[in-house]
1. Quick one: in the range B:113-125, which of the residues that are surrounded by fewer than 24 Cβ atoms within 10 Å (Cβ to Cβ) and part of a helix (DSSP H, G or I) is nearest to the other protein chains (Cβ to nearest Cβ)?
2. Report yes if residue D:467 is closer than 24 Å to residue D:390 by Cβ, under 25 Å from the mean Cα position of the chain (by Cα) and within 16 Å of ligand 3 (Cβ to nearest atom), otherwise no.
3. Could you go through the range D:385-394 and let me know if any residue there is more than 19 Å from residue C:236 (Cβ to Cβ) and either touching a helix residue (DSSP H, G or I) at 6+ places or on another chain (Cβ under 9 Å) or within 16 Å of ligand 3 (Cβ to nearest atom) (or both).
4. Can we say residue A:229 is crowded, with 24+ Cβ neighbours inside 10 Å, within 14 Å of another protein chain (Cβ to nearest Cβ) and touching a helix residue (DSSP H, G or I) at 6+ places or on another chain (Cβ under 6 Å)?
5. Can you tell me which of (1) farther than 20 Å from residue B:231 by Cβ; (2) within 12 Å of another protein chain (Cβ to nearest Cβ) is the one residue B:93 doesn't meet?
6. Give the residues of the range D:477-523 that are under 20 Å from residue D:332 (Cβ atoms), part of a strand (DSSP E or B) and touching a strand residue (DSSP E or B) at 6+ places or on another chain (Cβ under 9 Å), sorted by residue number.
7. Name the single residue that is surrounded by the fewest Cβ atoms within 10 Å (Cβ to Cβ) among those in the range D:418-455 being away from ligand 4 (no atom under 16 Å from the Cβ) and in a helix (DSSP H, G or I).
Ligand SMILES: Nc1ncnc2c1ncn2[C@@H]1O[C@H](COP(=O)(O)OP(=O)(O)OP(=O)(O)O)[C@@H](O)[C@H]1O
Ligand SMILES: Nc1ncnc2c1ncn2[C@@H]1O[C@H](COP(=O)(O)OP(=O)(O)OP(=O)(O)O)[C@@H](O)[C@H]1O
Ligand SMILES: [Mg+2]
Ligand SMILES: [Mg+2]
């Protein structure tokens, strides 16, 4: 429904809506950055291409100074919405937002819109990754035959939500299943991630998951060893056509569309979005090219419903902290 | 828990990981050894690795044979070596810095080509596990040493091969001489720059294969900056091995062993904070060298560009 | 000095710039590969770096850490050692500065600010001093140690920013964003141009450049550092404690890098966060080279290289090319500039005769530097040095 | 030994015919010029190193090249060996014009060169050094075994004793030089250039070398010998060419020359060759005393086995000995550069064994190291900077933190004047000075401090007689003002000319200490060889 409105509005004004995004890694990291970039292009397609929605992006802005310069530039160039797609950009966003009060900004991975500090042109958005983590956990537990599951994280403390949710999901189904978590100490060390996968497999794991762009290496290994992989953030099925069973996908499309709508309605910020199964921000995709036990699919769907209905809450799990 | 670490199967697992992990370091470090023995420091290894990783991957991605991929990597590696040679031998530039330039160039270009030619992270089926008949069945050792993919074996074959070239061939003699006293070599009609061009091309080729060993050997995927600075470690390992092929082997194995160990420690969730675990390989390398460092025979002319008296 | 020599030296100074231009021309090939209009791209590059206030301030903001690191690199080179550890030293410097600034936030700014800077510098000094000691005492090669110490520093940061130093507010808010609490506003370095990041750290950096120049060419310590860098043996015979000065040059080098980290925190981010450095350690080496490894040369050099980095980013935005292009271009520029050095050396050598016999004493350093170019490789080599017998 | 002879013949055929590739018999016409150089010009920044120099070498001739430091000897020969390209001039071999662009060309023309600073890769073995750059008989593999055989033959034929398998860094200077000669012979050179070969040799080694050169001459080799030692040149050369400041002074048959005449040709004025010294100086109290000093060498082997000696105020104590018998260690222990393994060193009666080098220097110890290019100066420092290398922290030259530039400049100009250091300017890079001048620089630095004790190791090695005369003069003057000097040298004439007493060191021990007037070169020679004259 929303898209039609947008179309009308666009038609009404003619000039395309201009979005700029600044992201830490590459548009093709098959993780955090790519998930947003793909969503943007999806929205663009839905709205009717270039002349409805103009997208400008700066990738590889891992250096915050550069990102902050980019954000400021985009604002100065009069973009309607400037998306700072990284936690570390917080400072910069608010600093620029106070200088460009009639430009709208969005800050990734946070619920802080600065409203309490009298800033009202900043949106905030984040993913409740532990929901998908939980479901993937359930799936993992059901797939695992020798009840050993391996998790490959980037840096301890990062991807915490996803991993905590995952562990939760596993333990709900198989309380005594063993979840081995190992961190590579980096976001992009594909080599170590790959070896971590090997190690997990040799340590008996028959289901693997992991996060950050480094996992490409691990998926390759899972693929070679025919061990199930559960993806997250962005679509990883293409990497492991035979082993990626499920994939939690961040679908920012609605968030973006909604922000656009609000902005055009003159509301420049203040909302904090959270991707959930509930609002279709999180999606669990099954790999169609391999056939998956219906019981598993069923359990996954059930888990999702439970989460939607609030029957289970995968969020609060401070105690079982590694 | 902790006792699991000392079960036979785990130890075998650790060593198996170690042997495999060492692969890229071996290729790259041996390559760098050639260059440094002839007196050229190349800090650009990581850039060359990335180029090798990409071209190896791209060729395979385009549906060609894996070995064609390796050849492609070698080809690009030789070219990168030539570039480095031109800059630091012919143009006699500061070698430490030209290496950084080469690194940036390789890093950027590989990513650029990746974006334009492929566009998204894709998988290929690379070199598969190739258990060596009979040998692989030896209990323990068999799995540790003889149950890897072809490139892993190749990496280890490169150790004696490099040793042989450096110590048993006329080229090797020239390399050692040029690296230690270019003036002397020159007065005997050895082309100092010629030798250095050669070693840099060899080094480039090996570095590129190191990259390929990741993209079509161990991970079967290409991603921007997938080496993640591995090449710099490789250079460091040459110092660790004090310019001897065997020493380099030792360095690569030590570094990989500690890495494998820390991965296992985590995987078996033995109560060691992962923050500490991930630092261990780097700390250990320094510590071990600090305790073993002796009057090493470094190529006296290392990183010094050569020009005749006038 | 006579005008001919002056012109000659002017050309020497301009050669790197020329090389840079040629590199960018080669870069046109890459742009064509991407199907972008090179002219548009490069005008965006220049516009972005120097076209307007925002561009210029961005350039200078970027130049500040580059200059500080570059100065550190100069000292290391003169001392005959290579410091590839800038990256790690920046990080620990930033961490220490933040920890101190936040921890003692209640001190009066007049005391807190200098102490914060000092703690950053000290951390860098230690992080650089360790490789120094290891080299001087145990003959552990500094390339190896500095490379490793970079990795250790990064992992240390990852740990601290997610644990001990994590911003309490974020912990409360449940959004555990890996960044520290903010430093007290009272010690933020003043922004020289409103609505930009350009801060007074730049002035500090320039002053330090002068200081380093004096250190190296006017003080006994600098004299010793250079002597040890050029000939450890003769230095020993002259009674200079070589190991001490090897350690010192790496430590000082690290100190300046650590300071760079502290200044980034105090001037730009006002807190410690991931992605504070991301490559300044290497870019600084390049900047130092552009400046002919001379502290004063490093000033324009870092500005130039800063402009390149900023302009390249702007180009990415303007013509929408992958960030990789910017990196590749940097690589080309470095390769060309480093090569152009040969001609400077040749020209210099041809002038040796005149050089001996002219120029006011004030030109000492400069003259030295000039003739020193031809042997920086030798220094580098010595930097490689296996071991130096202690005492 | 007839077999030996035969081999030599083979060798010569090989030697002379290979360069041209043809199979000429051994019927070379003695006295026919092998190489001729006409109007050679070579310019270096700031110096005209060779200014239209003519030079020729005949077959079977030993032609000596003589001249002050920086006269252009090395340069002229480096041009002939293809290391430098002349700006002008022609080179003929066997009467035919040739162009020599590189050492390879030179080798092809049958020209070999023994460089003043050896061109050896000391991490490699002797055989490897010889094989380097040669085509192997089984490319791409090495054929070291064959090369080794070749070396053994040649060393037998020419009395060049070397172990082909020894790594070069383990060899003595003399042995290294033999390796250099071996390299040339093995490559079938017909002509050999030796740049100051004797500067670094012990008397015994010099004799051995001359024997070898003798053989080679007999067999029709053309030899060029650069040396600063007139008596040597007069002893073995056939003709002498003298250069001065890049210009040819003249070429003369040796027979007609005396040392005096040669000296005049070289320096352009009369040189006092016989140093007479008034002996009525009153030696004061002991300035430097070594008690049973022990020390190890680099390899950890004992190098000094309990050396005791003392030098008094106003005395020059010579230390004679064949190099490698502990002289280097002796000097370094006194200078504080080598840890002392036993015994004690006293200066002015106070033990200084545990003092730093710096402290010793401050309290009046001066040191002229043997390896001056390596240890004495920073090649890439300006002359002025090198002149204050020890003292830059003293309050004369700095206020502790900042260097006193203008004073250093004035001071340096003064020294350059006083010590006749040939340099365009005090800011010139020291590496651009010739060795003789570098030695003057070091001497200026050390003596101008008016030290109480001077340790001088081989102070005149490789220095032209003009400079030597000057250095002797300086040493004696300082002695007269009360400086205690320890003069380590292998040149017996030098010791006998300068010293009050001479201690002979052999295998890290002092064989005996003799009063100059009461000893002879022969006695010293025996002691240096470890023999006690009276005991036989
Ligand atoms: N490569 C060079 N670059 C610059 N100047 C040089 C070079 N080689 C020689 N010279 C200068 O040329 C002059 C002649 O040097 P050369 O080595 O021929 O003297 P020499 O006769 O060998 O002196 P010595 O007796 O000390 O060996 C000297 O002034 C020297 O400083
Ligand atoms: N690359 C160079 N640049 C400048 N001057 C040089 C260079 N090489 C040699 N020289 C000068 O030419 C002179 C001749 O060189 P050589 O190697 O023969 O030293 P030398 O003067 O003979 O020293 P010594 O007398 O101690 O043997 C050197 O003393 C040095 O001053
Ligand atoms: Mg000479
Ligand atoms: Mg000489």
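1. First, pick out the residues of the range B:113-125 that are surrounded by fewer than 24 Cβ atoms within 10 Å (Cβ to Cβ): B:113, B:115-120, B:122-125.
Still in the running and part of a helix (DSSP H, G or I): B:113, B:115-118.
Numbers: B:113: 8, B:115: 5, B:116: 6, B:117: 10, B:118: 9 Å.
My answer is B:115.
2. yes
3. no
4. The answer is yes for residue A:229.
5. Checking residue B:93 against (1) farther than 20 Å from residue B:231 by Cβ; (2) within 12 Å of another protein chain (Cβ to nearest Cβ), the one that fails is (1).
6. Correct list: D:484, D:485, D:486, D:487, D:488, D:489, D:503, D:504, D:505, D:509, D:510.
7. Step by step, filter the range D:418-455, then rank; the result is D:418.
One line per residue, one yes/no per condition, for (1) surrounded by 23 or more Cβ atoms within 10 Å (Cβ to Cβ); (2) at pLDDT 95 or above; (3) within 16 Å of ligand 4 (Cβ to nearest atom):
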residue: D:66; (1), (2), (3): yes, no, yes
residue: D:72; (1), (2), (3): yes, no, yes
residue: D:82; (1), (2), (3): yes, no, no
residue: D:87; (1), (2), (3): no, no, no
residue: D:95; (1), (2), (3): no, no, no
residue: D:103; (1), (2), (3): yes, no, no
residue: D:110; (1), (2), (3): yes, no, no
residue: D:113; (1), (2), (3): yes, no, yes
residue: D:120; (1), (2), (3): yes, no, no
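The values are calculated or read from the model by the stated rules, or taken from the named source; none is laboratory data. All values reported here derive from a predicted model rather than from experimental measurement. Neighbour counts run over all protein chains shown; Cβ positions are idealised from the backbone, glycine included.
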